[in-house]
Amino acid sequence: MTEGQIDEGLRSELQRQGIWVTSMQELYNWGRKNSIWPLQFGLACCAIEMIATAASRYDIARFGGEIFRPSPRQADLMIVAGTITKKMAPQIVRLYNQMPDPKYVISMGACAISGGPFKQGYNVLKGIDRYIPVDVYIPGCPPRPEALLHAFMELQRKIDDQKLTGANKAQHLEPGQPSEFPVPAFGEHDLEPPANPDVFQAPKLERV
Amino acid sequence: METLEQIKTRAELAARGAKIDIVVNPGPSQQSSLLVDSAHAVAVAQFLRDHAALKFDYCSNVTGVDWLDRVVKKTAKVKQVVDGVEKEVDQTTEEKISGYLEAVYHLYSMQHKHGPLTIRMRTANRADGARLPSLTPVWRSAELQEREIFDLYGIHFEGHPDLRRILMWDEFVDHPMRKDYREPDDYEWEPTPHDDVLERAKQHYTPRPALDGAEAITEKTTPSPQSSP
Amino acid sequence: MSSRFDGELLEVSMGPQHPSTHGVFRMNVALEGEIVRKLKPVFGYLHRNHEKIGENASYLGSMPYTDRLDYFCSMTNNWAYALSVEKLAGIEVPERAEYLRVILAELTRLQNHASLLGFLLSDMGAWGTPLMYAFREREKILDLFESLSGSRMMCDYMRFGGCRVEADADWLGRAKKIVDLFPKFLDEFEQLILQNEIVIARTQNVGKLSADLAINAGISGPMLRASGVNYDIRKVDGYGFYPRFKFRIPLGDHGDTYDRLMMRALEMRESVEILKQALAQIQPGPIVNPKVKIRAFRPPIGEAYGRIEGPKGELGFYLISDGGPNPYRYRVRPPSFINLTVLEDLCLGHTVADVMVILGSVDIVMGEVDR
């Protein structure tokens, strides 16, 4: 029997007798992963696929994400759907800062991952992970609603794996980890700073 | 719709002193345009909007165009005396045109259901002479579009009610749609950089390891048959 | 901003993150109590420099980018661009391709207008139920698009001189079935939405736009026709094969928000008429002009401005060619952007709640406004 885990055979035996055994971690994670409230925040074309996921055909309500909150103070998940421009980037970081812990970010679509088809842009930010940490990336242009549901389930799996105690415990329970990130300012030619070095390091090309 | 020559003569009569040229469009679309000088543009625009036969009351599109300094080669047949015989010879002349910025307006008439009429205005140069009169008092649809041209090209429209940046943030200083705009070095890792992306990526390479004599050993060794990958 | 407004007025910034701004759009309003005294829109939050990319990409390479302009209506965006390049290079389009273009454009108009009514009612507080109805129909049409072009939204279907993929008899049969069932959905939708007393109370006499201001401000599309101006580019320019179809142009009497809503509902009915005629008249034939080069496509030197009646208004493309493979200047004439010229005039004197209703009736898409 591993630390914190109950033997599955014992658990099902007890359940047949009407006794339900769990651990604090499982209960906490089960509650959180099945009621993720996304922030109602669509930027561009991917937002329409996000709305289609919330519509009746690809129902996201069955996963618990029915209520899209308009206010960041009440949301757990920010689905960054669409191209992020440099003009919009400070507002996105501000919105992320306003969300309470524990919070997650799904980067939906090629534009939010790395700038997408609009990468050669004087106003396009090459990926939201330059300023805020991202949990799940969904490629596609736009990704199908099924892909967003798959990402949602991946996020649920990730939440399920988060531990409450120990060295690998979840980020929001560590007292030293930042939950707010500095907001970039508008410079004369570009945003200042162009990326947050704590969050994003561009890999260096190896010279051969 | 009347032909461009007729419109040009009428406009020159109505707005006295206006200098209007016809810019011929060589392509198959048959949309040639009128080049109007800046001093009389507002008067010509009002005439085009109000005259009973024309009634161009709908300004559909306002565009900015950037023309850099360019050299245009023209080949013309010229009579020249060659070896005592008069012949027609091809003579190529090069004409240097200095750069300017341009504003192009497409006009339609909702009343008469004809159009499009294209009119153009050119600035004196691409630097401090980039000023044009605003046609917003004549057609309100030019309001947001002229602001966009100011933001992206840098043409200052005199007489515009609210000229400020519209698509870029206010602290931005460049005019991005100009042909000589250079983007800031917003480094993005590319697995296989190529062309000018490779040139810019070279700034982000790790420094070349110092030569310490090892390369001499590699060159002298003859490759054995087993050592090829 | 604050130095240009009165000290007595309350300045509120609505957006860019707001549930009802239809994308990242920001309005700085100055309020006296609940009444709007000044309104200044702020654009640029989705400026993706589409025109600069157009200058660096080839003519055909810009076609997928036109899908992403007005992301609801990718087929009509493609058609407008293909039309402009065909004007620039003098290319002709075969008959079957023109019929297919009309069919797809009218299907796009149907799903765009239905989605707009759904979104507008969500803004008014119906909390998503009409949107579910609209998206149910939209999903059916998107299934058609997907089986034809491979993608639900970003279809990239038109080519210079025709269309990319052949539509077989099975696809046309499915399209006909959807078109035949559409009037029943429209009856249900109109009864729920347009005869609803809350909608009538919130939209009648709100945001009146006079015909003279509309023409002078360059308004186009259903917003212009709601003010009583009879100008539909399908009838005026007669592009495609629209002169072969019999359809009416609805016109509004008052120019208020309710008329703009009614425009969309009535235009959906006319689109169904056009679709029925087109599906009956289409004949087998080639779908692309074989003389058009795909590689090394270099139109002759010149310029052209081509426009269509998109679902949101007049969508035009202005292209200047210098004989090379890339355009020298590539300009999109965005209907949503220019329709917003009069937003301040429409909203002055109304309450904050009316601002959202008026903005919804203008029908903007930020991909087009900011490009």
What number goes with the only condition from (1) part of a helix (DSSP H, G or I); (2) hydroxyl-bearing (Ser, Thr, Tyr); (3) touching a strand residue (DSSP E or B) at 6+ places or on another chain (Cβ under 6 Å); (4) within 14 Å of chain A (Cβ to nearest Cβ) that residue C:13 does not pass?
(1)
Residues in region C:45-68 that are in contact with an Asp or Glu (Cβ under 7 Å, 6 or more places away or on another chain) and in a helix (DSSP H, G or I) total 3
Residue A:167 versus (1) in a loop (DSSP other than H, G, I, E, B); (2) more than 14 Å from chain B (Cβ to nearest Cβ); (3) under 20 Å from the mean Cα position of the chain (by Cα); (4) modelled with pLDDT under 80: which is the lone unmet condition?
(3)
Being of a type in the set (D, E, K, R), more than 14 Å from chain B (Cβ to nearest Cβ) and either in a loop (DSSP other than H, G, I, E, B) or on the phi > 0 side of the Ramachandran plot (or both) is the filter here, so list the residues in region C:213-249 that pass it.
C:246, C:248
Considering only region C:322-333, I want to know if a residue exists there that is away from chain B (no Cβ under 14 Å) and either surrounded by fewer than 23 Cβ atoms within 10 Å (Cβ to Cβ) or of a type in the set (A, V, I, L, M, F, W, C) (or both).
yes
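Can you find even one residue in region B:194-214 that is of a type in the set (Phe, Trp, Tyr), out of contact with any helix residue (DSSP H, G or I) (no Cβ under 8 Å at 6 or more places or on another chain) and under 25 Å from residue A:85 (Cβ atoms)?
Going through region B:194-214, the residues of a type in the set (Phe, Trp, Tyr) turn out to be B:205.
Those still in the list that are out of contact with any helix residue (DSSP H, G or I) (no Cβ under 8 Å at 6 or more places or on another chain) too: B:205.
Right, trim to under 25 Å from residue A:85 (Cβ atoms) and you get none.
No, region B:194-214 has no match at all.
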Among the candidates A:18, A:82, A:42, single out the residue that is on the phi > 0 side of the Ramachandran plot and in contact with a strand residue (DSSP E or B) (Cβ under 8 Å, 6 or more places away or on another chain).
A:82
Could you list, in sequence order, all residues of region A:151-188 that are crowded, with 16+ Cβ neighbours inside 10 Å and free of Cβ contacts under 8 Å to residues at least 12 places away in the same chain?
A:187
Looking at residue A:132, is it within 30 Å of residue C:61 (Cα to Cα) and either hydrophobic (A, V, I, L, M, F, W, C) or in contact (Cβ under 8 Å) with a residue 60 or more places away in the chain (or both)?
no
Need pairs with beta-carbon distance below 9 Å; first residue farther than 20 Å from residue C:334 by Cα and at the interface with another protein chain (Cβ under 8 Å from one of its Cβ atoms) and within region B:152-181, second among the aliphatic types (A, V, I, L, M) and surrounded by fewer than 16 Cβ atoms within 10 Å (Cβ to Cβ); sequence gap 6+ or separate chains.
B:171/A:185
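Could you look through region A:52-84, keep only residues that are in contact with a Gly (Cβ under 7 Å, 6 or more places away or on another chain) and more than 7 Å from every other protein chain (Cβ to nearest Cβ), and pick out the one that is farthest from residue A:99 (Cα to Cα)?
At the first step, the residues of region A:52-84 found to be in contact with a Gly (Cβ under 7 Å, 6 or more places away or on another chain) are A:81-83.
Within this subset, residues satisfying the condition of being more than 7 Å from every other protein chain (Cβ to nearest Cβ) are A:81-82.
Working: A:81: 17, A:82: 19 Å.
Looking at residues that are in contact with a Gly (Cβ under 7 Å, 6 or more places away or on another chain) and more than 7 Å from every other protein chain (Cβ to nearest Cβ), I get A:82.
Residue by residue, here is whether (1) hydroxyl-bearing (Ser, Thr, Tyr); (2) touching a residue at least 24 places away in the same chain (Cβ under 8 Å); (3) touching an Asp or Glu at 6+ places or on another chain (Cβ under 9 Å) holds:
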site	(1), (2), (3)
C:127	no, no, no
C:132	no, no, no
C:137	no, yes, no
C:146	no, no, no
C:183	no, yes, no
C:204	no, yes, yes
C:215	no, no, yes
C:226	no, yes, yes
I'd like to know if region A:97-117 contains one or more residues that are of a type in the set (A, V, I, L, M), closer than 19 Å to residue A:85 by Cβ and touching a Ser or Thr at 6+ places or on another chain (Cβ under 6 Å).
yes
Please state which one of C:99, C:71 is more than 14 Å from chain B (Cβ to nearest Cβ) and assigned to a loop (DSSP other than H, G, I, E, B).
C:71
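Assigned to a loop (DSSP other than H, G, I, E, B), of a type in the set (Lys, Arg) and more than 9 Å from chain C (Cβ to nearest Cβ), is that true of residue A:158?
Values: assigned to a loop (DSSP other than H, G, I, E, B): no; of a type in the set (Lys, Arg): yes; more than 9 Å from chain C (Cβ to nearest Cβ): yes.
So residue A:158 fails the test.
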Conditions (1) within 30 Å of residue C:45 (Cα to Cα); (2) part of a loop (DSSP other than H, G, I, E, B): number failed by residue B:124:
(1)
When you look at residue C:160, is it on the phi < 0 side of the Ramachandran plot and either in contact with a strand residue (DSSP E or B) (Cβ under 9 Å, 6 or more places away or on another chain) or buried (at least 21 other Cβ atoms within 10 Å of the Cβ) (or both), yes or no?
yes
Can you spot a residue in region C:293-310 that is at the interface with chain B (Cβ under 10 Å from one of its Cβ atoms), within 30 Å of residue C:31 (Cβ to Cβ) and crowded, with 23+ Cβ neighbours inside 10 Å?
no
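The values are calculated or read from the model by the stated rules, or taken from the named source; none is laboratory data. Since this is a predicted model, take the numbers as computed values, not measurements. Cβ atoms come from the backbone with ideal geometry, glycine included; neighbour counts cover every protein chain shown.
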